[in-house]
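Down below is the structure, laid out as structure tokens.
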Amino acid sequence: MSSEQSDWKESLQDKLQEIKDKRQNAEAADAEPTAPDPSIGFMQEEIKKRPLNRKKMMRRMTIVAVMAAVFGTVACLFFLLLEPIFNRMLYPEEAVTGVTYPEETVSEELTPEEMLVNEEEKAATEEQERIRQEVEQLLLDKTRGAEAANRMYEALRQVAADARYYLVDVSGITSDTDWLNDPYETRGTVSGIIIAKADAEIQVLTYSPGIDHAESIQITLFDGTTITAQIRARDRVSGLAVLSADIGSVSDGTKESLTTAELGSSSASLVTGQLVIAAGRPIGTSGSIAYGMITSAAGDLAVLDSGFKQLTTDIVGSKQASGVLIDSRGRVVGILDPRHGRSDLPGILYAIGITECKQLVEKLSAGGEKAYLGVQCTDVPDDVRKRMDIPEGVYLSSVEDDSPAMNAGLQKGDIITVMDGEDVHYSITLSRVLIENEAGTEISITLERPSGDGYTEMDLTVTLE
């Protein structure tokens, strides 16, 4: 039994030694590189990295960059072209609908002694007193006086410079041919002021009786930009007109610089003796200015159906003058009017007081027109009325031939006391009633007509035109 165990042990040891040898041989084989088997050499291959093609890579990068630039450019152009359209759809441009000015009472102008002094009159009085005291001091010092005068004119020049942003030239253009059948244009130019401004439109007030006969109207702005205008509404009696013009084609810088004129007051108690600037075309040349003083502001202007007051200055100007009178605060107080000058004061500039124009400007700005009656009226001062025992009302100094007034029976010398149910004390009331009514409207008029030693009351009905 022992011999069998011994043989079994030896056999087991031999097998273990054989396994150990095989393992060592396998490890040694793994450590050494294995030679390729020539029998399967056709199936073996070596993977190599592809060489870098720099030219092809640069070409692809260039194509990508160019495509990106083209795409960006197209996107920008698309945005720039469509942005105004979308902007107008989302935010429609505002158009001018009309202007409104606060009403000034006539009694403030004609009978200031019966009223409390308002703040503006008080400020004007204080300013006059300050100037008087300063002049007295300056008279004692010539050097200081010269410096003060230079400062004053420099301040006025700056006011005039600021006004150029609402002052415009209005040209009426008419085409014709000469005797050789060659075409030419006739251009008449006057000055105007911007009274309203919106995103897409401006409105211009001008005084030109013949502008409605022009074939086309052109407006020139402060920087030389020209735009086409149309008559929005015109008063055939006074010659005042409101024009509308599209400013969509005007550059943004010019559009932002445009301003509207501020209308002041031409009340006699405020402007008489005040320093003013004549701006626009006071000597017939665009951009000209002149300084002076309003010497009178209470005269009735001979214009039908109006209560206009005439401003007289000491400024020498042209017979073709046009433009406005501006006070020292830059407010428009009058519209230059060379047609109604006095023969005994030739060459002097006259103007229509702005106070009596405001209601008419509002009507024209809204596209309406003032109704036509055909009378020239005058306010009768209280002292004259009482001394001559004249009824309180408006005196008719003339009646236009073939006018609604004449057809209704009104005569020169009549005194209108009631018009369309409203008491008439001043001519501006008559003008306002005509502004508030339309052509074709029938209104009632109560008047006092001279008869013997007194007056006879009469009631008439007038159909306005």
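No value in this document is a laboratory result; all are computed from the given coordinates. Computed from a predicted model, the values in this text were never measured in an experiment. Cβ atoms come from the backbone with ideal geometry, glycine included; neighbour counts cover every protein chain shown.
For this structure, a couple of remarks:
- Distance cut-off 23 Å, percentage of C-alpha pairs in the stretch 268-358 lying past it: 13
- Spacing of the two label points (7 Å from each Cα toward its C-beta) at Glu457 and Met57, in nm: 11.1
- Here the Kirkwood formula puts the hydrodynamic radius of the stretch 357-465 at 14.3 Å, using every distinct Cα pair.
- Both radii were evaluated on the Cα set of the stretch 167-257; the Rg over Rh quotient, with Rh as the Kirkwood radius, amounts to 1.02.
- Stretching Ser444 away from Gln158 to a fully extended chain increases their span by 97.9 nm, per 0.36 nm per residue minus the current alpha-carbon distance.
- Working from Cα pairs under 8 Å separated by at least six residues, relative contact order for the stretch 201-297 is 21 percent.
- Size-normalised alpha-carbon gyration radius of the stretch 291-341, reference 2.2 N^0.38 Å: 1.14
- Debye log10 I(q)/I(0) at q = 0.14, 0.22, 0.29 Å⁻¹ for the stretch 212-269, Cα point scatterers: -0.55, -1.00, -1.24
- Listed pairs Lys255/Lys370; Lys309/Lys363; Lys309/Lys370; Lys197/Lys358; Lys386/Lys412 exceeding 23 Å between Cα atoms: Lys255/Lys370
- Sparse-neighbourhood loop sites, trypsin sites (Lys or Arg not before Pro) in the stretch 315-385 - DSSP loop, at most 13 other Cβ within 10 angstrom: Lys319, Arg329, Arg342
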